[in-house]
Amino acid sequence: MHSPTILFLLSAVIGLASGTIYWSMAMDKAQTQSDMILSAHSNHNTGLLYKLIPFGKDIDRYLADNHNQLKVHIKQAAEFENGTLRAIAFIRDDSTVPPKFYRAELTMTKSDASPTGYTMSKGYICHDACELGTKPLGFI
């Protein structure tokens with residue numbers, strides 16, 4: 001192969017690899033945030049909970065109505081240039097038999113007060129397809 005071709009292929013591989021790394025890191029951050037929220041809620045640790053979510057907002061009310069019956073698995077996540085994390089999650093609600101399954105779009109914004117560095121500022125159940133939206137960091 002010619003040198004320009006090799007350089008082009010090498011840069012494409014590096015670009016794809018860095019996108020995968022950003023994607024994986026964002027998924028880990030979103031899963032950690034979700035796990036800590038559910039743990040703080042089930043252990044009645046309101047001091048920690050309200051560093052991870054805003055008090056009295058939609059997520060707080062949703063957790064209050066779903067008494068420790070939720071499991072969250074992050075399926076996709078991306079970090080955006082403004083530092084916002086957005087994720088698509090599968091939620092299992094074990095309060096009914098058989099359990100109910102939902103998809104949700106979650107948004108996390110930077111927060112110095114939070115031990116994770118983020119506050120889950122928005123979350124809603126998707127009735128149609130969930131989408132992460134605009135171009136995240138690390139993707140071309």
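Per-residue HN-Hα couplings for the stretch 117-131, Karplus 6.51 cos²θ - 1.76 cosθ + 1.60 at θ = phi - 60°, whole Hz, x for Gly and Pro?
Rounded to whole hertz, the list is x, 9, 10, 6, 7, 9, x, 8, 6, 7, 8, 10, 5, 8, 9.
Determine the sum of side-chain charges near Ile125: Lys and Arg each +1, Asp and Glu each -1, restricted to other residues whose C-beta is under 11 angstrom from that of Ile125.
Net charge in that neighbourhood comes out at -2.
Amide H of Lys122: which non-local residues (sequence gap of 5 or more, or other chain) have their own amide H closer than 5 Å, using H built in the peptide plane?
Answer set, sorted by chain and number: Thr107.
Restricting attention to the stretch 46-87, which chymotrypsin sites (Phe, Trp or Tyr not before Pro) occupy a DSSP loop and are surrounded by at most 16 other Cβ atoms within 10 Å?
Counting only loop positions with at most 16 other Cβ atoms within 10 Å, the chymotrypsin sites (Phe, Trp or Tyr not before Pro) in the stretch 46-87 are Phe55, Phe80.
Of the listed peptides 87-94, 40-47, what is their order by residue-averaged count of other C-beta atoms within 10 Å, with the highest listed first?
87-94, 40-47
Every number in this text was worked out from the coordinates using simple rules, so none of it is lab data. Model, not experiment: these values are computed from the prediction. No Cβ is skipped: glycine too gets one built from the backbone with ideal geometry, and neighbour counts run over all protein chains shown.
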